[in-house]
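Just so it is clear, none of the values below were taken in a lab; they were calculated from the coordinates. All values derive from a computational prediction rather than experimental measurement. Cβ: placed from backbone, ideal geometry, glycine included. Neighbour counts: every protein chain shown.
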Amino acid sequence: MSRRSRLYLLHALPVLLAAMLLAHPPLRHGLVGLARYTKARLYDYRLFDDSDLVTDVSAREAVPLERLADGNTLYVLVMGQSNAANEVDTPLPSDDLENVFIEYDGTLYPAEDPMLGGTGERGSVWSRFARLALATGRWRYVVLSVIAEGGSPLSYWLPGGPVRPKLEDRLRAIQQLPIRPDYVFWFHGESDALNSLPRLLYKYDFLDLVGTLRTFGIDNPVLVSQTSLCRRFGSESVRQAQQELARQVPNVTLGPDTDEVGLPFRRDGCHFTDEGGDIVAGLWMDAMLDAEQTAE
């Protein structure tokens with residue numbers, strides 16, 4: 001091939017590649033998503049800020065684990081980002097949460113909003129969920145472990161990510177408890193939807209996360225919500241990944257479709273109002289009871 005021909009091909013190649021991308025939208029979207037995903041992994045860790053993570057227990061009185069010995073206990077480990085943390089409008093005080101406890105670093109405390117282990121300073125879905133659970137009469141106590149970091153794509157939870165050390169520390173503390181979570185609620189997806197994360201990458205990273213849970217002895221069912229909506233942006237790729245994980249991964253079940261709780265129930269297009277928080281708590285309760293019935 002002559003030098004002139006090689007130069008022609010060199011100049012024509014970008015044009016041909018651009019034409020292929022224009023003619024094949026799925027390929028184009030996949031490459032864009034991969035580029036954004038790579039950028040998030042390489043550059044954005046240093047921008048991550050969880051300075052509003054609730055960790056202060058100095059004003060809280062520890063509850064002995066023996067307190068749980070005289071009744072049925074529901075124990076749920078909650079993981080995710082801001083909507084799994086403390087971003088519902090109104091906090092619920094401990095007076096409204098009798099017989100609800102929050103685990104933090106292996107110690108139980110009376111639960112109150114904002115929940116230990118989550119970012120934010122408002123209320124939570126889980127205080128509302130716990131009240132619903134107790135109202136069924138099936139459980140005397142509810143124990144919650146919350147590991148929820150606002151603005152955390154799934155890649156942040158993997159080895160090398162900024163959430164990972166805290167995740168492992170919390171799981172190690174839970175591993176030492178005489179009780180194990182009955183369920184894990186994975187309430188996550190908005191950041192990866194905004195980053196156009198491809199379906200296969202979300203699935204691949206989630207499998208790593210589930211493997212971590214199993215390594216720490218948490219073998220109970222994982223409920224994966226269908227979650228992607230934030231500020232009018234959603235993602236069918238992320239939602240499809242969540243659906244496929246529930247169908248394909250052992251002991252992983254489809255949780256509630258929180259995208260159905262639309263913008264009228266979100267104060268800023270993303271985080272829930274009090275009414276929205278009540279609705280989402282009910283959806284999680286229904287999903288858990290459905291998973292329990294299916295297992296039987």
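Quick check on packing: order 284-291, 176-183, 152-159, 75-82 by the mean number of other C-beta atoms within 10 Å, highest mean leading.
Values: 284-291: 18.4, 176-183: 14.8, 152-159: 22.5, 75-82: 24.1.
Most protected by this proxy first, the peptides run 75-82, 152-159, 284-291, 176-183.
Report Rg(Cα)/(2.2 N^0.38 Å) for region 137-254, keeping two decimals. Numbers along the way, then the final one.
Details: Rg = 14.5 Å, N = 118, 2.2 N^0.38 = 13.5 Å.
Here the answer is 1.08, to two decimals.
So what is the relative contact order of region 142-296, in percent, for Cα pairs below 8 Å that sit 6 or more residues apart?
On the way: 196 pairs, mean separation 30.6, N = 155.
Reported as a whole number, the value is 20 percent.
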Show log10 I(q)/I(0) for region 185-249 at q = 0.13 Å⁻¹, two decimals, from a solvent-free Debye sum over equal Cα scatterers.
-0.33
Candidate cut points under chymotrypsin sites (Phe, Trp or Tyr not before Pro) in region 189-236, DSSP loop plus at most 10 other Cβ atoms within 10 Å of their own Cβ, are none
Quick one: grab Rg to one decimal and Dmax as a whole number for region 41-131, Cα atoms only, in Å.
14.4, 50
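Tell me, what does the Kirkwood hydrodynamic radius of region 97-204 come to in angstroms if you use every pair of distinct C-alpha atoms? Could you put the intermediate results ahead of the total?
Working: mean 1/r = 0.0652 Å⁻¹.
With all distinct Cα pairs of region 97-204 included, I get 15.3 Å.
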Everything considered on the Cα gyration tensor (a ≥ b ≥ c; rounded for a/c under 1.5, else prolate if a/b is larger than b/c, else oblate), region 246-296 must be described as prolate
Express in whole angstrom the spacing between the alpha-carbon centres of region 177-233 and region 93-114.
24
